[in-house]
Amino acid sequence: MNKKIDNLAADNIRALAISMVEKANSGHPGGAMGGADFLHILYTEYLNFDPTEMDWSFRDRFFMDAGHLSALMYAQYNLLGNYKKEDLQNFRQWGSITPGHPEVDVLRGIENTSGPLGQGHAMGVGAAIAAKFLDARFTGLFEHKIYGFITDGGVQEEISQGVGRIAGHLGLNNFIMFYDSNDVQLSSMTDEVTSEDTAMKYEAWGWKVITIDGHDHDQIRKALNDANAETEKPTLIIGKTIMGKGCVLANGDMYEGECELHGKPIGDTKADFTKTLINLGANPESSFDIFEEVQAHYATVLAQKTEAAAKQKAKVAAWKTANPALAQKMDSFLSGVLPDLDLSQVVQKANVATREASSAVLGYLAENLENVIVSSADLSNSDKTDGFLKKSSILQKNDFSGAFLQAGVAELTMTAIANGIALHGGVVPVVATFFVFSDYMKPAIRLAAIQELPVKYVLTHDSFRVGEDGPTHQPIEQEAQMRLMEKVKNHSGHQSLLALRPADAIETSVAWDMALKNTTTPTALILSRQNIKDIPAASSRYQEATEAKKGGYLVKSTPNADITLFANGSEVSTLIGAAEILEKENNLKVNVASIISEGLFKQQSKEYQVSIIPKGKLVFGLTAGLPVNLEGLIGDSGKVIGLDHFGYSAPASVLDQKFGFNPESVSKEILKYIEESK
């Protein structure tokens with residue numbers, strides 16, 4: 001312990017942070033100045049990691065919620081050697097590795113992408129759940145800690161209620177969160193928007209709460225010691241800090257705790273940038289430098305971290321030698337490589353809802369995939385994830401031997417937690433709810449897409465055929481929203497999400513196979529509430545359905561067809577019924593295609609696409625959602641029938657009749673289209 005070095009290091013972090021923001025003329029300096037003391041103490045004395053292997057599976061992890069404090073992180077990691085001076089000087093610039101909000105980059109210490117407040121600490125809780133899950137299977141190896149950092153905005157975001165409740169309920173003593181409480185937010189002081197007692201709120205959720213002076217290093221140490229010793233609860237450390245700690249006016253007077261210091265360069269405030277640098281001990285002519293004594297101190301710290309990690313690695317190696325079978329299993333979990341799964345062996349009942357078909361697959365996974373956590377937002381008996389639950393058990397405080405997370409009514413929280421599970425590694429996360437409530441999930445789905453996380457979404461009750469529950473529960477526009485994500489490329493240049501709406505039970509098994517093998521992006525499985533007629537097969541339905549892996553294929557093929565009908569989900573069987581009418585009563589030759597994923601279909605060769613949906617010929621699409629779901633496939637002369645209005649409360653069969661979603665009504669629309677095309 002060296003108070004002089006610790007104070008120098010914290011001030012060095014402050015100087016680097018404000019220098020980044022000043023040079024970029026963009027960013028958030030004040031909070032970074034307030035949080036510098038905690039981060040320095042955490043990284044030098046508490047966080048266990050291997051500087052030579054930043055992605056070491058047994059490391060502690062730090063999850064930032066307040067992504068606007070990226071300058072704080074980059075400055076801290078610059079002291080650790082993970083960023084160069086030039087990286088800090090390119091803060092928020094094109095092509096830099098120091099973007100305005102931190103983007104997951106584990107090798108440089110960035111565990112999660114953050115920015116939308118509230119989600120960062122939810123991902124931290126997800127990582128803590130994954131660690132508990134793995135430690136229940138490999139006792140003593142995954143006892144590492146997950147640290148979080150949150151600010152007033154993150155505490156205020158509604159997602160924090162769900163995260164706080166779940167973390168407390170599960171007794172996640174491996175999760176320790178620092179709350180940078182400085183009474184200032186971006187456009188106001190906090191007392192203008194809230195008067196709640198944050199400590200009491202978290203205590204009510206079952207957290208250990210410690211309130212400290214966030215600039216007093218001894219208090220920070222004591223809080224972290226107490227948090228690490230806690231065996232029953234997650235810990236919230238409320239650090240009372242000062243926004244813009246160290247800022248001064250041109251005359252040298254202190255200028256701290258002001259709202260304007262939050263979100264703009266110091267030079268654009270009443271504070272003086274140069275005088276502030278001098279007050280922090282930095283050289284205004286070379287403000288991106290690491291102080292000489294601080295650099296020497298961090299060199300010692302890094303050597304100590306490397307030595308400690310080497311000792312832990314030796315223990316892990318000894319454990320592997322003593323437990324070869326378990327070691328092989330653990331390595332397979334951490335590699336992300338799935339065991340051989342044969343979903344063709346899943347027995348599917350005839351003509352069932354695709355949610356029921358998914359339930360059968362989940363039952364198979366419960367017995368054949370040991371590192372999966374399935375979660376449902378209080379709907380397991382409706383979204384049919386209970387097919388998994390019946391062969392597993394729920395995660396609960398002091399017992400993580402199960403694999404089912406009952407999230408309660410908290411779709412966004414559940415989905416953000418799944419992102420954290422995926423980020424931790426070693427566990428496959430699956431989350432489920434009604435498709436209409438994917439609206440609540442979208443912010444976390446978007447972050448999963450940006451971070452390229454292989455989370456699986458089970459989205460049931462996929463159309464107006466939800467029936468009597470009415471328009472609040474009947475998705476109309478949701479599929480269009482989800483398929484937009486198929487059109488957005490991630491930074492790897494691939495479609496950022498795979499959306500699959502299978503046409504029958506067997507195609508659902510194939511869709512699950514596709515989802516499990518998709519390890520680079522999230523996957524949405526969009527499933528029906530109502531029963532669906534099975535697609536007829538010439539031989540093996542499963543073998544024929546594997547063509548869905550191309551995004552689309554013909555489920556009914558006729559040489560020299562007069563027209564091609566296409567859809568996805570339950571509308572495919574409706575089109576097959578319409579095709580039978582057209583062939584019998586109108587002597588037409590009809591092809592029918594199931595386009596389970598437009599995004600995947602359009603990745604195929606042009607020749608293949610045209611072989612399924614021909615150009616310059618009659619093509620007709622049917623969707624239970626907005627027509628835009630399929631309009632990208634019809635060319636210049638095709639037609640799509642869909643809905644352009646919300647649903648109504650009535651039995652599904654009545655709605656089919658009223659909206660014209662039965663073979664008889666659809667065949668009439670097809671004939672009308674043929675006549676119009678002459």
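When a/c reaches 1.5 or more, the comparison of a/b and b/c decides; with that in mind, is region 72-163 rounded, prolate or oblate per its Cα gyration tensor?
oblate
Run the 1.4 Å probe and let me know the accessible area of residue 85, rounded to the nearest 10 Å².
Number for this one is 80 Å².
Taking Cα pairs under 8 Å and at least six residues apart, what relative contact order does the chain come out at, in percent?
Normalised by residue count, the contact order of the chain is 11 percent.
Of 566, 35, 392, which is farthest on the positive side of the dipole of the chain, counting Cα position, with +1 on Lys and Arg Cβ, -1 on Asp and Glu Cβ, and the Cα centre as origin?
Of the candidates, 566 comes out farthest on the positive side.
For region 418-564, how big is the tail of P(r) above 21 Å, as a whole percent of Cα pairs?
Within region 418-564, distances greater than 21 Å cover 49 percent of Cα pairs.
Please sort 105-113, 303-311 by packing, taking for each peptide the average over its residues of neighbouring beta carbons within 10 angstrom, highest first.
Per-residue mean Cβ counts within 10 Å order the peptides as 105-113, 303-311.
Out of the DSSP beta bridges found with both residues in region 417-566, what percent are antiparallel (nearest 5)?
Rounded to the nearest five, the antiparallel share is 10 percent.
Using amide H atoms built in the peptide plane, which far-off residues or other-chain residues are under 5 Å from residue 63 H to H?
Answer set, sorted by chain and number: 147, 148, 149.
Calculate, for residue 585 and residue 654, the FRET efficiency according to 1/(1 + (r/R0)^6) with r their C-beta to C-beta distance and R0 30 Å; round to the nearest 0.05.
So, using R0 = 30 Å, E works out to roughly 0.75.
Ordered by residue, what ³J(HN,Hα) values in Hz, to whole numbers, does region 22-31 give under the Karplus form 6.51 cos²θ - 1.76 cosθ + 1.60, where θ = phi - 60° and Gly and Pro are x?
5, 5, 6, 6, 6, x, 10, x, x, x
Count the net charge of all other residues whose Cβ sits under 13 Å from the Cβ of residue 380, scoring Lys and Arg as +1 and Asp and Glu as -1.
+1
For region 384-459, max minus min Cα coordinate along each principal axis, in Å, sorted largest first?
Projected onto the principal axes, the Cα atoms of region 384-459 cover 32, 27, 19 Å.
Work out the length of the dipole vector of region 492-583 about its Cα centre, built from +1 on the beta-carbon of each Lys and Arg and -1 on the beta-carbon of each Asp and Glu, and round it to the nearest 20 debye.
The calculation lands at about 340 debye.
Solvent-accessible area per residue for region 41-196 at a 1.4 Å probe radius, Å²?
Dividing the accessible area of region 41-196 by its residue count gives 32 Å².
Taking the Cα centre as origin and putting +1 on Lys and Arg beta-carbons and -1 on Asp and Glu beta-carbons, what dipole magnitude results for region 109-238, to the nearest 20 debye?
In total the dipole reaches around 680 debye.
How many percent of the alpha carbon pairs in region 590-678 exceed a separation of 14 Å?
So the portion of pairs separated by more than 14 Å is 69 percent.
If Lys and Arg each add +1 and Asp and Glu each add -1, what is the summed charge of the other residues whose beta carbon sits under 9 Å from the beta carbon of residue 355?
-1
Which percent of the Cα-Cα distances in region 104-238 go past 21 Å?
Everything past 21 Å amounts to 42 percent.
Spin-label point model (7 Å from Cα, Cβ direction): what's the residue 611 to residue 646 distance in nm?
4.5 nm
Principal axis lengths of region 1-62 from Cα atoms, whole Å, largest first?
Dimensions of region 1-62 along the principal axes of its Cα atoms: 38, 28, 18 Å.
In the full protein assembly as shown, how much of residue 488 is accessible to a 1.4 Å probe, in Å² to the nearest 10?
Approximately 70 Å² for this residue.
Number of Lys-Lys pairs in region 242-348 under 16 Å by Cα, sequence gap 8 or more or different chains?
7
Through the Karplus equation 6.51 cos²θ - 1.76 cosθ + 1.60, θ set to phi - 60°, convert the phi angles of region 151-158 into ³J(HN,Hα) values in whole Hz; use x for Gly and Pro.
For region 151-158, the Karplus curve yields 10, 4, x, x, 5, 6, 4, 4 Hz.
Which order do peptides 161-174, 383-396 fall in by mean Cβ count within 10 Å, highest first?
By packing density, highest mean first, the sequence is 161-174, 383-396.
Using the Kirkwood formula over every pair of different C-alpha atoms, what hydrodynamic radius in Å results for the chain?
About 26.9 Å for the chain.
Order the peptides 454-460, 226-232, 530-536 from the highest to the lowest mean number of other Cβ atoms within 10 Å of their residues.
454-460, 530-536, 226-232
Taking the alpha-carbon distance from residue 672 and a cut-off under 13 Å, which aspartates and glutamates remain once sequence neighbours fewer than 8 residues away in the same chain are dropped?
Reachable aspartates and glutamates: 664.
Looking at this model, which pairs from 606/639; 3/233; 487/549 are more than 22 angstrom apart at the alpha-carbon?
Where the Cα-Cα span goes over 22 Å, the pairs concerned are 3/233.
List every residue whose amide H lies under 5 Å from the amide H of residue 184, counting only residues 5 or more places away in sequence or on a different chain, with H placed 1.01 Å from N in the peptide plane.
190
Just grab the label-to-label distance for residue 161 and residue 201, each label 7 Å out from Cα along the Cβ direction, in nm (one decimal).
0.9 nm
How much FRET efficiency would the formula 1/(1 + (r/R0)^6) give for residue 487 and residue 662, where r is the Cβ-Cβ distance and R0 is 41 Å, rounded to 0.05?
E between residue 487 and residue 662, to the nearest 0.05, is 0.85.
Mind grabbing the base-10 log of I(q)/I(0) for region 177-257 at q = 0.10, 0.12, 0.22 Å⁻¹? Debye formula, identical points on the C-alpha positions, no solvent, two decimal places.
Ignoring solvent entirely, the Cα scatterers give -0.31, -0.44, -1.06.
Quick check: at a probe of 1.4 Å, how many percent of the accessible area of region 357-485 sits on carbon and sulfur atoms?
C and S fraction of accessible area: 49 percent.
In whole Å, how far is the Cα centre of region 86-156 from that of region 484-526?
About 25 Å separates the Cα centre of region 86-156 from the one of region 484-526.
Using θ = phi - 60° and the Karplus relation 6.51 cos²θ - 1.76 cosθ + 1.60, list the HN-Hα couplings for region 624-632 in order, rounded to whole Hz, with x at every Gly or Pro.
Taking θ as phi minus 60°, the curve returns 7, x, 5, x, 4, 3, 10, 5, x Hz for region 624-632.
Going by Cα centres, region 570-594 and region 354-395 are how many Å apart?
Distance between centres, Cα-based: 35 Å.
Largest first and in whole Å, give the semi-axes of region 346-472's equivalent ellipsoid, each being the square root of 5 times a Cα gyration tensor eigenvalue.
Each semi-axis is the square root of five times an eigenvalue, giving 22, 19, 13 Å.
How big is region 175-218 by Rg and Dmax over its Cα atoms, in Å?
Cα only, region 175-218: 12.2, 32 Å (Rg, Dmax).
Starting from one equal scatterer on each C-alpha and no solvent at all, send me the Debye-based log10 I(q)/I(0) for region 113-174 at q = 0.19, 0.23 Å⁻¹, two decimals.
-0.69, -0.91
Please give the calculated 222 nm ellipticity per residue for the chain, where each DSSP H segment of at least 4 residues contributes -39500 (n - 2.57) and the sum is spread over every residue; nearest 500 deg cm²/dmol?
Value at 222 nm, helices only, nearest 500: -13000 deg cm²/dmol.
Taking 35 Å as R0, compute the FRET efficiency from the Cβ-Cβ separation of residue 393 and residue 320 and round it to 0.05.
0.80
If you average 1/r across every pair of different Cα atoms in region 489-579 and take the reciprocal, what Kirkwood value do you get, in Å?
14.2 Å
Apply the a/c threshold of 1.5 to the C-alpha gyration tensor of region 1-122 and tell me whether it is rounded, prolate or oblate.
rounded
Points 7 angstrom from Cα along the Cβ direction at residue 344 and residue 549: gap in nanometres?
Each label point is offset 7 Å from its Cα along the Cβ direction, giving 1.1 nm.
The values are calculated or read from the model by the stated rules, or taken from the named source; none is laboratory data. Given the structure is predicted, the values throughout are model-derived calculations rather than measurements. Positions of Cβ are backbone-derived with ideal geometry, glycine not excepted, and every protein chain shown enters the neighbour counts. The accessibility values were calculated without ligands, DNA or RNA, using every heavy atom of the protein model including side chains. Shrake-Rupley method; radii C 1.70, N 1.55, O 1.52, S 1.80 Å.
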